[in-house]
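Novice: After the structure tokens below, expect a handful of questions from me.
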Amino acid sequence: MADDRMATIVKEIKYWKEHKLLPEVQCDFLLALYTQGDDEQSTTSRKRRKNYFFYVQLFLLVLMVPFSFLVVYFTQFHFILQLSILLICIGYGYFVYRACKKRTSPYRHIAIIIPLVLGLMTTDHLTNVFHFNQLFTLIALIMNFVGWYLLSRTLRLKYLLISSYLALIVLLFVNFSHLFSFN
């Protein structure tokens, strides 16, 4: 019964606010008092702000890939600075993934793929900077794709499982195709 009374009071205060029977500040105060800060309009505006902030984060995450590519391949920054930028982008990607995971957002797949691509770019950059031989580069890339495989098993994502298989097959074929004659 008390909930019905409270709903009636809140409805009446909204009526007063709409028809300017009381000053707006007092109506807002009374609404906050009777709803204990859970007014429908304030929660919807908070949800809109959170959604806006989330989409801005997702957009920035997508921009990390071309930005990282630009930093690594088209600038003359010191390799430590380039590596730091890549690691910051991967960390930001993990942060956005955690935010997507909490919301059970359908965009969490974007937040999974982008840090993996940035990790692949980081592995390639490290092997190029330190001039490792081809065998070490091959092992590093295989370990990267094995990490994709393990992550796909953990998160139960088929597309990641398939992409890890395909990447391993292509990588091994490209590196060992000289052993077979294709006449």
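The values are calculated or read from the model by the stated rules, or taken from the named source; none is laboratory data. As the structure is a prediction and not an experimental result, all values here were calculated from the model. Because the Cβ atoms are built from the backbone with ideal geometry, glycine has one as well, and the counts that use them run over all protein chains shown. When the accessible area is computed, the model is the full protein with side chains, heavy atoms only, and any ligands, DNA or RNA have been set aside. Shrake-Rupley method; radii C 1.70, N 1.55, O 1.52, S 1.80 Å.
Novice: Tell me the angle of helix 24-35 to the major Cα principal axis of the chain, expressed in degrees between 0 and 90 and rounded to the nearest ten.
Specialist: The helix 24-35 is inclined about 80 degrees to the chain.
Novice: Once Cα Rg over 2.2 N^0.38 Å is worked out from the coordinates, which option in (1) 1.55; (2) 1.18; (3) 1.67 does it equal?
Specialist: Structure-derived value, by its label: (3).
Novice: While we're here: For every other residue with a beta carbon closer than 12 angstrom to the beta carbon of Arg108, add +1 if it is Lys or Arg and -1 if Asp or Glu, then tell me the sum. Each step should come with its number before you reach the end.
Specialist: Numbers: positive: Arg98, Lys101, Lys102, Arg103; negative: none.
Net local charge, Arg108 excluded: +4.
Novice: If you don't mind, another one. When only Cα pairs under 8 Å and 6 or more residues apart are kept, what is the percent relative contact order across the stretch 63-165? Can you show the working numbers first?
Specialist: On the way: 67 pairs, mean separation 21.2, N = 103.
With pairs under 8 Å counted, the relative contact order is 21 percent.
Novice: Same structure again: Using packing as a proxy for protection, rank 108-119, 69-80 so that the peptide with the highest average count of other Cβ atoms within 10 Å comes first.
Specialist: Numbers: 108-119: 19.6, 69-80: 11.8.
With the highest mean Cβ count within 10 Å placed first, the list reads 108-119, 69-80.
Novice: If one takes the longest principal axis of the Cα atoms in the chain, at what angle in degrees, from 0 to 90 and to the nearest 10, does the Cα axis of helix 2-18 lie?
Specialist: 90 degrees
Novice: Quick one: helix 134-155 against the long Cα principal axis of the chain, what's the angle to the nearest 10°, folded into 0 to 90?
Specialist: Helix 134-155 and the main axis of the chain meet at about 30 degrees.
Novice: Mind telling me which of Val25, Val56, Val146 comes out most flexible in a GNM of the chain, alpha-carbon contacts under 10 Å?
Specialist: Checking each option, the largest mean-square fluctuation is seen for Val25.
Novice: Take the solvent-accessible surface of the protein heavy atoms, probe 1.4 Å, and return the percent of it on the chain that carbon and sulfur atoms account for.
Specialist: On the way: 8860 of 13120 Å².
Solvent-exposed carbon and sulfur of the chain make up 68 percent of the total.
Novice: Can you compute 3J(HN,Hα) from phi for each residue in the stretch 95-105, using the Karplus curve 6.51 cos²θ - 1.76 cosθ + 1.60 with θ = phi - 60°, rounded to whole Hz and x for Gly and Pro?
Specialist: Listing the rounded values in order: 4, 5, 4, 4, 5, 5, 5, 5, 8, 6, 7 Hz.
Novice: Rounded to the nearest whole Å², what accessible area per residue is found for the stretch 84-183 with the 1.4 Å probe? Write down the numbers at each step before the final one.
Specialist: Details: 6460 Å² over 100 residues.
Ligands and nucleic acids excluded, the figure is 65 Å² per residue.
Novice: Give the ranking of Arg156, Arg98, Arg49 by solvent-accessible surface, highest area first, calculated with a 1.4 Å probe. Kindly include the intermediate steps, with their values, before the conclusion.
Specialist: Details: Arg156 200, Arg98 100, Arg49 150 Å².
Largest accessible area first, the list is Arg156, Arg49, Arg98.
Novice: Decide, for the stretch 90-179, between rounded, prolate and oblate: order the square roots of the alpha carbon gyration tensor eigenvalues as a ≥ b ≥ c, take rounded if a/c falls under 1.5, and otherwise choose prolate if a/b is larger than b/c, else oblate.
Specialist: On the way: a/c = 3.42, a/b = 1.69, b/c = 2.02.
It is oblate, given that a/c is not under 1.5 and a/b is not larger than b/c.
Novice: Sequence gap at least 6, Cα distance under 8 Å: using those rules, report the relative contact order of the stretch 121-183 to the nearest whole percent. Please list the in-between numbers first.
Specialist: Working: 27 pairs, mean separation 15.9, N = 63.
Over the stretch 121-183, the number comes to 25 percent.
Novice: Please label the shape of the stretch 130-183 as rounded, prolate or oblate, based on the square roots a ≥ b ≥ c of the eigenvalues of the alpha-carbon gyration tensor (a/c under 1.5 means rounded; beyond that, a/b larger than b/c means prolate, else oblate). Don't skip to the answer; put the middle values down first.
Specialist: Numbers: a/c = 4.46, a/b = 1.50, b/c = 2.98.
In terms of gyration-tensor shape, oblate.
Novice: How large is the Kirkwood hydrodynamic radius of the stretch 48-134, in angstrom, based on all distinct alpha carbon pairs?
Specialist: On the way: mean 1/r = 0.0731 Å⁻¹.
Final number for the Kirkwood radius of the stretch 48-134 is 13.7 Å.
Novice: Across the stretch 72-81, in residue order, what do the Karplus-derived ³J(HN,Hα) couplings come to in whole Hz, using 6.51 cos²θ - 1.76 cosθ + 1.60 with θ = phi - 60° and x for Gly and Pro?
Specialist: 6, 9, 10, 10, 10, 5, 5, 5, 5, 5
Novice: Shifting gears a bit: Suppose a student asked you for the relative contact order of the chain, using Cα pairs under 8 Å spaced at least 6 residues apart; what percent would you report? Walk me through the intermediate numbers first.
Specialist: Working: 102 pairs, mean separation 22.4, N = 183.
For the chain, the relative contact order is 12 percent.
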